[in-house]
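The numbers here are math on the coordinates, done by the rules we state, and not lab data. Since the model is a prediction, treat every value here as computed from it, not as a measurement. Reconstructed Cβ throughout: ideal geometry from the backbone, glycine too, with neighbour counts over all protein chains shown.
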Amino acid sequence: MAIHGENASIRLVAMGGTIAFASGQDGAEPAFDGSALARTVATDGIELEPVDLARMSSIGLRDHHLLALARLVEDTIEDGSAGVIVTHGTDTLEETAYFLALTCQWGRIPIVLTGAMRHNGDAASDGPSNLRAAVAVVRSSEAARVGPVVVMADEIHTARFVTKYHAARIAAFRSPANGPIGHVLEGEATIWYRPAYTDHLARIDGERLPRVEIVTTSLAASPDALQAVIDTVPDGLVIEGFGGGHVGPEFLDALASARHRGIPTIVTSRCADGTTLRRTYAVPGTEIDLQQRGAVMAGALSAIKARLRLAVAIAAGVPVGAAFPVQ
Ligand code: ASP
């Protein structure tokens with residue numbers, strides 16, 4: 001059932017990615033702007049209002065692109081559009097979706113991100129079908145109330161949990177914690193349930209985000225890479241730890257130097273699913289010890305999303321202990 005602004009337009013913000021790529025001389029390359037993307041679904045009677053923000057692989061996107069997109073989405077919310085669709089490379093799609101969840105006043109119109117795993121020169125291109133599915137989600141009655149979502153391969157995923165899980169398959173995206181919250185079938189979107197949480201922290205103005213670096217760990221990892229990052233004095237640090245949010249004891253001196261320099265430090269889990277612990281293990285390097293040393297547990301967020309949340313919290317002056325953990 002179509003509810004949002006029956007006569008209002010749907011804005012299409014084009015940011016590049018495989019959905020905008022086609023065969024070039026040496027391989028796939030950017031080829032479609034927003035108007036060309038809109039034309040791929042125009043034969044279905046779908047009218048989209050294109051805006052071009054970038055035409056590149058999403059590995060090249062930077063802070064200023066995210067911040068410009070968030071402003072554009074806010075403007076779209078204000079100007080009475082029925083919804084906004086962002087077409088984007090899949091490599092960093094989940095980060096942009098989560099950034100919008102953190103910074104935009106969502107809840108009034110649907111905000112839908114999509115992309116493609118096969119470019120327009122590939123006979124199996126999934127771009128047009130993903131774009132059609134995104135339109136179906138914008139037109140559904142519940143979509144405004146679930147926050148920014150990623151729509152890929154007919155599945156609807158929340159910004160918090162969506163993950164690019166497979167490097168190449170068309171069904172590349174999963175939400176390990178909870179699965180998709182809905183799907184698109186026969187041209188119609190169904191949303192089965194809504195998140196009981198909100199991700200929103202604050203609107204961010206300006207062109208840059210605080211610099212938050214991620215360092216991961218592994219069995220017998222030396223602290224050298226971590227210390228080298230700390231020596232650059234980033235605005236914040238995310239440690240992608242083991243299991244419940246743990247690091248080897250070799251990391252502890254480096255973490256003390258981060259604390260000494262006042263660098264807020266978040267600890268996530270390198271596991272694909274689950275939440276960091278808070279009060280189970282007391283061995284040096286485990287969560288009780290790390291919290292006593294000033295680190296903050298991330299909760300349910302992956303390292304790449306914790307990075308964005310910490311950056312937004314710092315930019316907005318939200319205390320780190322209030323922004324984390326995310327349960
Ligand atoms: N390299 C591409 C990107 O993220 C991959 C894709 O869109 O699927 O822009």
*Do you know which residues across the range 272-299 are within 25 Å of Leu201 (Cα to Cα), out of contact with any Pro (no Cβ under 8 Å at 6 or more places or on another chain) and assigned to a loop (DSSP other than H, G, I, E, B)?*
Gly274, Leu277, Gly294, Ala295
*asked:* I'd like to check something: does the range 299-319 contain any residue that is in contact with a His (Cβ under 8 Å, 6 or more places away or on another chain) and among the charged types (D, E, K, R)?
replied: no
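Let's see how each residue does on (1) crowded, with 20+ Cβ neighbours inside 10 Å; (2) over 26 Å from Arg309 (Cα atoms); (3) in contact with a Ser or Thr (Cβ under 9 Å, 6 or more places away or on another chain):
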{"site": "Gly16", "(1), (2), (3)": "yes, no, yes"}
{"site": "Asp26", "(1), (2), (3)": "no, yes, no"}
{"site": "Gly34", "(1), (2), (3)": "yes, yes, yes"}
{"site": "Glu47", "(1), (2), (3)": "no, yes, yes"}
{"site": "Arg55", "(1), (2), (3)": "no, no, no"}
{"site": "Ile59", "(1), (2), (3)": "no, no, yes"}
{"site": "Ala68", "(1), (2), (3)": "no, no, no"}
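Quick check on the range 103-124. Is at least one of its residues in a helix (DSSP H, G or I) and crowded, with 19+ Cβ neighbours inside 10 Å?
yes
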_Looking only at the range 55-88, count every residue that is within 12 Å of the ligand (Cβ to nearest atom), among the hydroxyl-bearing types (Ser, Thr, Tyr) and either over 20 Å from Lys164 (Cβ atoms) or part of a loop (DSSP other than H, G, I, E, B) (or both) and tell me the total._
1
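Can you tell me how many residues in the range 160-194 are part of a loop (DSSP other than H, G, I, E, B) and among the hydrophobic types (A, V, I, L, M, F, W, C)?
10
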_Single match in Asp91, Asp44, Asp26 (criterion: free of Cβ contacts under 8 Å to residues at least 40 places away in the same chain and assigned to a loop (DSSP other than H, G, I, E, B))_ = Asp26
*When the residues of the range 284-327 are filtered to those that are without any contact (Cβ under 8 Å) to a residue 40 or more places away in the chain and of a type in the set (Val, Ile, Thr), which remaining residue is farthest from Thr268 (Cα to Cα)?*
Ile288
*asked:* Which count do you get for residues in the range 15-54 that are touching a Leu at 6+ places or on another chain (Cβ under 9 Å), among the β-branched types (Val, Ile, Thr) and away from the ligand (no atom under 12 Å from the Cβ)?
replied: 4
_Pairs, first in contact (Cβ under 8 Å) with a residue 12 or more places away in the chain and farther than 15 Å from Arg261 by Cα in the range 206-234, second surrounded by 18 or more Cβ atoms within 10 Å (Cβ to Cβ) and among the hydroxyl-bearing types (Ser, Thr, Tyr), C-beta under 9 Å, six or more apart_ = Ile214/Thr268
